[in-house]
1. Rg and Dmax of the stretch 1-42, Cα atoms, in Å?
2. List the equivalent ellipsoid semi-axes of the stretch 12-68 in whole Å, largest first, each obtained as the square root of 5λ for an eigenvalue λ of the Cα gyration tensor.
3. Report the residue, chosen from Phe50, Phe18, Phe29, that carries the largest GNM mean-square fluctuation when the chain is represented by alpha-carbon nodes joined by springs under 10 Å.
4. So if each residue of separation counts as 0.36 nm, and I subtract the Cα-Cα distance between Asn53 and Ser26, what length gain in nm does that give?
5. 7 Å from Cα along Cα→Cβ at both Val60 and Ser17: what's the point-to-point distance in nm?
Amino acid sequence: IYDGSYGLFLKGIGDGSFTSIPAQASGIFSIGAVRNIIALRNRNKQLILFAKNNNQVQLVELDTHESK
């Protein structure tokens, strides 16, 4: 319980390296003991499903519109 953190979203750049994206920018934030994460796509929506230990499943809808 004392060795965990809230995690970190690493976005692939495409050349084998990654950049970290803060929760405020990614919209991905989950509290609890996450046991599995599944990425889903439903028509034009990208969803992330968090399965947690002894807790409800959390569903996050990502904003797929990237600013350039």
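1. Taking only Cα atoms of the stretch 1-42, I get Rg and Dmax of 12.4, 36 Å.
2. 22, 15, 11
3. Ranking Phe50, Phe18, Phe29 by mean-square fluctuation puts Phe18 first.
4. Extending this stretch completely gives an extra 7.4 nm.
5. 2.4 nm
Here, each number is a calculation from the coordinates, and none is a lab measurement. Keep in mind that what you see is a predicted model, and the values were worked out from it rather than measured. Note that we place each Cβ from the backbone using ideal geometry, even for glycine, and neighbour counts take in every protein chain shown.
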